[in-house]
Amino acid sequence: MIKYDEFGPEKILSVYNPKSGMKGFVVIDNTKLGPGKGGIRMTPDVTEVEVSRLARAMTWKCALADLPFGGAKSGIVANSKELSPEKKEEIVKHFSEALKVVCPELYVAAPDINIAEKEMEWFSKANGNNKSCTGKPASMGGLPHELGSTGFGVFHATKVAAEHAKIELKNASVAIEGFGNVGWFAAKFLSEEGAKLVAVSDSKGVIFNEQGIDFNELDKIKKETGSVVNYKPGEQADNILDVKADILITAAIPDLIKGEDVDKLSFKLIVAGSNIPMTAETEELCHKKGILVVPDFVANAGGVISSYVEYIEGNEKDMFKMVEEKITKNTKQVLEDAKSKDIPPRESAMEIAKERIRGK
Ligand code: NAD
C-alpha cells in the first residue's frame, strides 16, 4: 500500500496507450523545493508502491543535496529484454508524450533500470523540451555517468568525514567494496590523495595487501583479467568486512553489513557509496560502537548533483565544482549536527532534509 504523510505523494499519474500497449506511472512525491527528480524504471513487475518508495528516497536525497529539486520516480511495465529496439522506442516516446502534463514543470525524468542514454534521447525529443530529463547523450548536453560524479562525491564525503573523525587521510588504510563506476572513482581519488588501498573487492572476491595496492596496476589487472582478485602481490580474503582498515567505502551491494557483523568490524569510518549497505538500525549499532557512518543519501549524491548541472545546462567543470562544494558542505553540516546531539548521522541528515522542505 502507498503511504501518505505530510510530505506526499502529491500526485500519482497512471498512463496507458492502447496503440503500443505502453503502461506506466509516475509518482511525484514532493515538489516544495522544485520539480520532482527521479529515474524511469522499466521492469515487467514494477509497481506504484515500489516507485513511491523510491520517489520518497529522492525527496530526501535532493533536499539534503540542497538542490532545487523535489522527489519523484516513474515506472514503465515492460520486459525490456523482449522488446525490439523499435518497440522500446515507441513505448518510451508514448510514455514521454503522456507525461507532457507534468514534465518538466513537476517531473524531470532520468535513467534507471533498463533505461539509459538512448532512451533519454527518445524521451526528451518526444517531450519537446531539453529540460524534461537528464542522462541524455553528451551530444544533447548530457553529462555522462562515466565522468565519475558519484565516486568523486564519495571521495569528498570521505575527506570531510576523515577530518571530522581525526583520521589523517594521507596514509589512512582504506578498503573498497566494489570496483565499478562508484568504487573505481572513489579508489582513484583516494589513492591520489595518498590514502593506502589495502583491500578491494568485486563480484569475484576480495584482494588484500596490507602494504598497499597500486591503483593503476589494479585497474590494469581488472581490465586484462576481469577481476581485482588477480592482482599481485596480494592474498584473497573471504569477506571485505574481515579486513583491518581505518576506512571502508561501500560501492556494490545492498545489505552488505548486518547487525551481527558490527562487533567484528575494525573500521573507524564507513562511507556509504552504495545504496542501503545497511539498515538504519545497523547504522545505530555502528554509532554505539564508535564507528562513524556517512549515510548513503549524504555520500552518494554526486550523481543527482551532476543531473542538476545537466538540467541547468552546465558543463563538466561546473559539475565537478558543484559536486565538491555541495558534498563537502552537506557532509560537514550533517556530521557536526550529529556530533553535537550525539545521534547517528542519518538522524541528523533526515532532520536537515525535512527542515529544508518544511521551511519552504
Ligand atoms: P557498477 O555496476 O558500475 O559496479 C558494481 C561493482 O560491484 C562491480 O565492480 C561488481 O563487480 C561489484 N560487485 C557485485 N557484486 C559484488 C559483491 N557481492 N561483492 C563485491 N563487489 C560486488 O555499479 P555502480 O554504478 O558503481 O553502483 C554501485 C552502488 O552504488 C549501487 O548500490 C548503486 O545503486 C549505488 N549508486 C550508484 C550511483 C552512480 O552514479 N553510479 C549513484 C548513487 C548510488
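The values are calculated or read from the model by the stated rules, or taken from the named source; none is laboratory data. Owing to the predicted nature of the structure, the values given are computational and were not obtained by experimental measurement. Positions of Cβ are generated from backbone atoms using ideal geometry, with glycine treated the same way; all protein chains shown enter the neighbour counts. Note: areas computed on protein heavy atoms with side chains; ligands, DNA, RNA excluded. Shrake-Rupley method; radii C 1.70, N 1.55, O 1.52, S 1.80 Å.
Listed here are the helices (runs of 4 or more DSSP H) enclosed by segment 301-360 that have at least 1 residues being out of contact with any Leu (no Cβ under 6 Å at 6 or more places or on another chain), open to solvent by 80 Å² or more (accessible area, probe 1.4 Å) and closer than 28 Å to TYR107 by Cβ: 316-341, 345-358. Exactly one residue out of THR47, THR59 is β-branched (Val, Ile, Thr) and surrounded by fewer than 24 Cβ atoms within 10 Å (Cβ to Cβ), and it is THR47.
Looking across segment 292-337, the residues that are aliphatic (A, V, I, L, M) and touching a strand residue (DSSP E or B) at 6+ places or on another chain (Cβ under 9 Å) come down to LEU292, VAL293, VAL294, VAL298, ALA299, VAL304, VAL334, LEU335.
Taking the conditions (1) within 14 Å of the ligand (Cβ to nearest atom); (2) acidic (Asp, Glu); (3) exposed (fewer than 14 other Cβ atoms within 10 Å of the Cβ) in turn, GLU281 satisfies each one other than (1). The residue list PHE123, PHE155 contains one member that is in contact with a Leu (Cβ under 7 Å, 6 or more places away or on another chain), crowded, with 19+ Cβ neighbours inside 10 Å and under 20 Å from TYR308 (Cβ atoms), which is PHE155. Name the single residue, out of those in segment 255-266 being under 23 Å from the mean Cα position of the chain (by Cα) and within 16 Å of the ligand (Cβ to nearest atom), that is modelled with the lowest pLDDT. The extreme case among them is ASP255.
Does segment 247-254 contain at least one residue that is open to solvent by less than 20 Å² (accessible area, probe 1.4 Å), in the same structural domain as VAL174 (by TED's automatic domain parsing) and over 26 Å from PHE152 (Cβ atoms)? The answer is no, given that none of the residues of segment 247-254 is open to solvent by less than 20 Å² (accessible area, probe 1.4 Å), in the same structural domain as VAL174 (by TED's automatic domain parsing) and over 26 Å from PHE152 (Cβ atoms). All conditions in (1) away from the ligand (no atom under 12 Å from the Cβ); (2) over 17 Å from VAL182 (Cα atoms); (3) open to solvent by less than 50 Å² (accessible area, probe 1.4 Å) hold for VAL294, with the sole exception of (2). When segment 195-211 is examined, which residues are found to be more than 14 Å from the ligand (Cβ to nearest atom) and farther than 20 Å from ILE270 by Cβ? Listed by number, the residues that qualify are ASN209, GLN211. Under the condition of being open to solvent by 70 Å² or more (accessible area, probe 1.4 Å) and of a type outside the set (A, V, I, L, M), the residues counted in segment 94-113 number 3. Here segment 215-224 is the region considered, the condition is being open to solvent by 30 Å² or more (accessible area, probe 1.4 Å) and in contact (Cβ under 8 Å) with a residue 12 or more places away in the chain, and the residue that is nearest to the ligand (Cβ to nearest atom) is LYS222.
With respect to ALA116, is the statement that it is touching a Phe, Trp or Tyr at 6+ places or on another chain (Cβ under 9 Å) and aliphatic (A, V, I, L, M) true? Give the steps one after another, and end with the answer.
On the way: touching a Phe, Trp or Tyr at 6+ places or on another chain (Cβ under 9 Å): no; aliphatic (A, V, I, L, M): yes.
So ALA116 does not fit the description; no.
From ALA162, ALA175, grab the single residue that is within 16 Å of the ligand (Cβ to nearest atom) and open to solvent by less than 10 Å² (accessible area, probe 1.4 Å).
On the way: ALA162 fails: within 16 Å of the ligand (Cβ to nearest atom).
Checking each option against the conditions leaves just ALA175.
Number of residues in segment 225-239 that are open to solvent by less than 10 Å² (accessible area, probe 1.4 Å) and not in a loop (DSSP other than H, G, I, E, B): the value is 1. When restricted to residues that are surrounded by fewer than 19 Cβ atoms within 10 Å (Cβ to Cβ) and closer than 11 Å to MET22 by Cβ, segment 67-82 contains 1. Selection of first residues in segment 225-239 that are in the same structural domain as ALA252 (by TED's automatic domain parsing) and of second residues that are of a type in the set (D, E, K, R), restricted to Cβ pairs under 7 Å at least 6 apart or on distinct chains, gives the following pairs, ordered by first then second residue: SER227/ASP202; SER227/LYS204; VAL228/ASP202; VAL228/LYS222; VAL229/LYS204; TYR231/GLU217.
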